[in-house]
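All remarks here apply to the structure that follows.
The values are calculated or read from the model by the stated rules, or taken from the named source; none is laboratory data. Keep in mind it's a predicted model, so treat the numbers as computed, not measured. Here the Cβ positions follow ideal geometry from the backbone for every residue, glycine too, while neighbour counts run over all protein chains shown. To get the accessible areas, we keep the full protein, side chains included, count just its heavy atoms, and leave off ligands, DNA and RNA. Shrake-Rupley method; radii C 1.70, N 1.55, O 1.52, S 1.80 Å.
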Amino acid sequence: MIRRFADWLDRQTGIRGLLHAALDEPIPGGASFAYVFGSGLLFLFISQVITGVFLALYYVPSADHAHTTVAYIVKEVSSGSFVRSIHVYGSSAIIIVLLLHIAQTILFGSYKGPRHLLWLSGCVLFALMLAMAFTGYLLPWDQKAYFATAVSTNIFVLPVVGPWIKAFVRGGNELGTLTISRFFVAHVFVLPALIFAFVATHVYLFRRAGASGAPVPRRTAAESFYPRQLVMDMAFAALLVLALGALAQWTPAELGPEANAADTHFLPRPEWYYVPIFQWLKYWPGDRAVVGIFVIPTIVALLFAALPFLDHGTERRPWRRPWSVGACAALMIALVTLGVRSREQDRSDPAVARQLDAQRDAVRAYMAEAFEPQESAGSLRVANASLAAVANPLTARGQKVFGEQSCDVCHGPDGHGSDSGPSLVGAAARHTEGELSRIIKTPTQKMSDSGMQPLDISDDDLAALTAYVSMLK
Amino acid sequence: MSEVTFSSARPTETRRSFLGALIAMGTATVGAILAIPLARLTLDPLWRTTTQILWSDAGPAKDFAALTAPVRVQITIEQRDGWRKVLSDKALYVVKGSDGRPRVLSAVCPHLGCSIGWNEDRRQFVCPCHNGVFAADGTLMSGPPPRGMDELDAMVEDGRLKVRYQYFRQLVPTKEIIA
């Protein structure tokens, strides 16, 4: 029965050929745990896509709602915090596994042979993943998201085009709701589409060139991908699941208080993988900033991408390639040093340390608060008008008079009118204050014709009532 | 690069299919476990009542002491709509009960949810959508609605009439609270 179904499926789809091509790929020297990082990255990316889609069930990309909806996910929705944590920690996991994947490629000289484009497509994927992390960071619209992005979008320091690029990225001069829209579109539509395309290219180029195997050919014979390498890949995936699941369960990702642009004390600190760059920028003040922010990183990135072209020849043993391996190791050491240095500076300055502690406490306090649903604008007009009225003693008195004199019977409880009387909203725009007082006390002919009665009230009450009517919105 | 040759010590077919079954089972198990939080997240709205309705104020009780005809009252209730709070205006009718105390009827037609109006000339409630007709006390007189107008919980507290606004399932003969 199963056999017949499998035969039918194979006739329709050629599935056996596909499976054969996928599973029986030869691995020179046999399966190894050194080769699990590529499939681990694919696994993590798919996990990000799935969790991202589910988070989008509740997330709203606008400055008014982004923070509330993320808070709703974190504090109210069942498993919301867990799924978001998998997504947040997943982005860090991708960077870690990506670095391991790159380190393995460089050490093994796996970019040699007809694999230049394979390497370049990987470089593009690296950049796309960093862009995903960058755009995703803003979306919760909490304090650290807001201020970190405000700083990081300021790095477009190039003369002439710099300000233009910055405004393009931000959707204006300031960070705001248009910035969220832009980052959201990049994060969920543009970048994932590009990543899918480049992953397909990367895998195709990899399969075309074949696995490169260890730098020193192992004496063991080649082995097909299935079953041992697949088991290793899946063991690694299971390890990733366990690690992410444990983190998400026991130290769920936090959400800070909503972004407040007026906060002048907030010290933004980027996600750990951007800390070295953050620290690097400290050394490039004013007029030389463009060198540090643009020129040097561009040269480093280009040299990195050009690695297979610079390190040519067939030698793959790392100890025989001191320049390429050494340069990459030096770059890595420099980045780690910058990161450590940043931490040290934050700790050594008491004012900074205190502020960072205060920020951490604020995040914790916010996380401990119960979810506060957002007041929706339109339907709350009544409540808002009342609140505004109460805030001012004069208008509060006026609101009371409005009820006592039964103005609400015709003009509605909030002055928005009813079947028997017109709305009073905007009356202040049509009349001066003196005029308004006068016609409230002694209606015009037209007003009395439609049923408005003269009011017999004290001057104080009349002034209060006029103030109340004037502020109706 | 050394020439790629398949090992002669290739795993036997039995071992290959055993590992295959192991992989399939492992994947299915892990996949099922991972699907649980996603399912919970997706189904979350089904498990929570969308509204949190408390007692709403319908006005001074003395206004309803000597009713000769149903009075239309508008109340404002606060509802939860996912992550937001909305205030919405709801119409209801206060009628005189047999014991003289005010009874409160929802203006939502139990047929398909149109707003029922009081027709002063006919002294009947009439639903404008499908001609459901109700007596002044809300009992069904004619038309497609499956039951009379829904009575809401009401009480008098501190001289004011308080109402608990609720929604009821439509198109069923008995009153079932849905929110």
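Restricting to region A:78-96, give me the number of residues that are open to solvent by 10 Å² or more (accessible area, probe 1.4 Å) and either within 11 Å of chain B (Cβ to nearest Cβ) or of a type in the set (K, R) (or both). Within region A:78-96, residues that are open to solvent by 10 Å² or more (accessible area, probe 1.4 Å) and either within 11 Å of chain B (Cβ to nearest Cβ) or of a type in the set (K, R) (or both) number 6.
Against the conditions (1) open to solvent by 30 Å² or more (accessible area, probe 1.4 Å); (2) more than 30 Å from A:L57 (Cβ to Cβ); (3) part of a strand (DSSP E or B), where does B:D89 fall short? Just the number, please. Every listed condition holds for B:D89 apart from (2). Considering only residues in region A:67-77 that are out of contact with any Gly (no Cβ under 7 Å at 6 or more places or on another chain) and more than 9 Å from chain B (Cβ to nearest Cβ), the one that is most open to solvent (accessible area, probe 1.4 Å) turns out to be A:K75. Could you look through region B:1-54, keep only residues that are at the interface with another protein chain (Cβ under 9 Å from one of its Cβ atoms), open to solvent by less than 50 Å² (accessible area, probe 1.4 Å) and modelled with pLDDT of 80 or more, and pick out the one that is farthest from A:S212 (Cα to Cα)? If we take residues in region B:1-54 being at the interface with another protein chain (Cβ under 9 Å from one of its Cβ atoms), open to solvent by less than 50 Å² (accessible area, probe 1.4 Å) and modelled with pLDDT of 80 or more, then B:D44 is farthest from A:S212 (Cα to Cα). Open to solvent by 40 Å² or more (accessible area, probe 1.4 Å), over 22 Å from the mean Cα position of the chain (by Cα) and within 14 Å of another protein chain (Cβ to nearest Cβ): does that describe A:L239? Yes. Against the test of being among the β-branched types (V, I, T), out of contact with any Phe, Trp or Tyr (no Cβ under 6 Å at 6 or more places or on another chain) and modelled with pLDDT of 80 or more, the options A:V382, A:V401, A:V409 yield a single qualifying residue, A:V401. Set side by side, the residues B:R80, B:R103, B:R122 differ, and just one is open to solvent by 30 Å² or more (accessible area, probe 1.4 Å), part of a strand (DSSP E or B) and away from chain A (no Cβ under 14 Å), which is B:R103. Does region A:43-66 include one or more residues that are within 14 Å of chain B (Cβ to nearest Cβ) and closer than 30 Å to A:A221 by Cα? Yes, region A:43-66 contains a residue that is within 14 Å of chain B (Cβ to nearest Cβ) and closer than 30 Å to A:A221 by Cα. Checking the structure you have, find out if any residue of region A:253-264 is part of a helix (DSSP H, G or I), within 14 Å of chain B (Cβ to nearest Cβ), open to solvent by 50 Å² or more (accessible area, probe 1.4 Å) and at pLDDT 90 or above. So far as region A:253-264 goes, no, none of its residues is part of a helix (DSSP H, G or I), within 14 Å of chain B (Cβ to nearest Cβ), open to solvent by 50 Å² or more (accessible area, probe 1.4 Å) and at pLDDT 90 or above. Selection of region A:418-473 for residues being among the hydroxyl-bearing types (S, T, Y) and assigned to a helix (DSSP H, G or I) yields A:S437, A:S448, A:T466, A:Y468, A:S470.
The listed residues are A:L99, A:L57, A:L44, and the only one of them that is open to solvent by 40 Å² or more (accessible area, probe 1.4 Å) and not in a loop (DSSP other than H, G, I, E, B) turns out to be A:L99. The lone criterion from (1) on the phi > 0 side of the Ramachandran plot; (2) surrounded by fewer than 20 Cβ atoms within 10 Å (Cβ to Cβ) left unmet by B:S98 is number (1).
To keep it simple, each residue is scored yes or no on (1) open to solvent by 40 Å² or more (accessible area, probe 1.4 Å); (2) in a helix (DSSP H, G or I); (3) more than 15 Å from A:A131 (Cα to Cα).
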site: A:N154; (1), (2), (3): yes, yes, yes
site: A:G162; (1), (2), (3): no, yes, yes
site: A:V185; (1), (2), (3): yes, yes, no
site: A:F196; (1), (2), (3): yes, yes, no
site: A:R208; (1), (2), (3): yes, yes, yes
site: A:S212; (1), (2), (3): no, no, yes
site: A:T220; (1), (2), (3): yes, no, yes
site: A:L230; (1), (2), (3): no, yes, yes
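Tell me yes or no: at least one residue of region A:243-252 is in a loop (DSSP other than H, G, I, E, B) and more than 14 Å from every other protein chain (Cβ to nearest Cβ). Yes: region A:243-252 contains one or more residues that are in a loop (DSSP other than H, G, I, E, B) and more than 14 Å from every other protein chain (Cβ to nearest Cβ). If you go through region A:314-335 and pick out every residue that is open to solvent by less than 50 Å² (accessible area, probe 1.4 Å), under 17 Å from A:W119 (Cβ atoms) and among the small types (G, A, S), you end up with 1. Close Cβ contacts (under 7 Å, 6 or more residues apart or on different chains) running from residues in region A:252-270 that are touching a residue at least 12 places away in the same chain (Cβ under 8 Å) to residues that are in a loop (DSSP other than H, G, I, E, B) and open to solvent by less than 40 Å² (accessible area, probe 1.4 Å) comprise A:L255/A:P140; A:E258/A:W141; A:A259/A:W141.
Here region A:102-149 is the region considered, the condition is being within 17 Å of the chain's Cα centre (by Cα) and among the small types (G, A, S), and the residue that is surrounded by the most Cβ atoms within 10 Å (Cβ to Cβ) is A:A145.
Every condition in (1) in contact (Cβ under 8 Å) with a residue 40 or more places away in the chain; (2) in contact with a strand residue (DSSP E or B) (Cβ under 9 Å, 6 or more places away or on another chain); (3) hydroxyl-bearing (S, T, Y) is met by A:S110 except one, and the failing one is (2). Annotation note: of A:A301, A:A305, the sole residue that is touching a Leu at 6+ places or on another chain (Cβ under 9 Å), open to solvent by less than 80 Å² (accessible area, probe 1.4 Å) and not β-branched (V, I, T) is A:A305.
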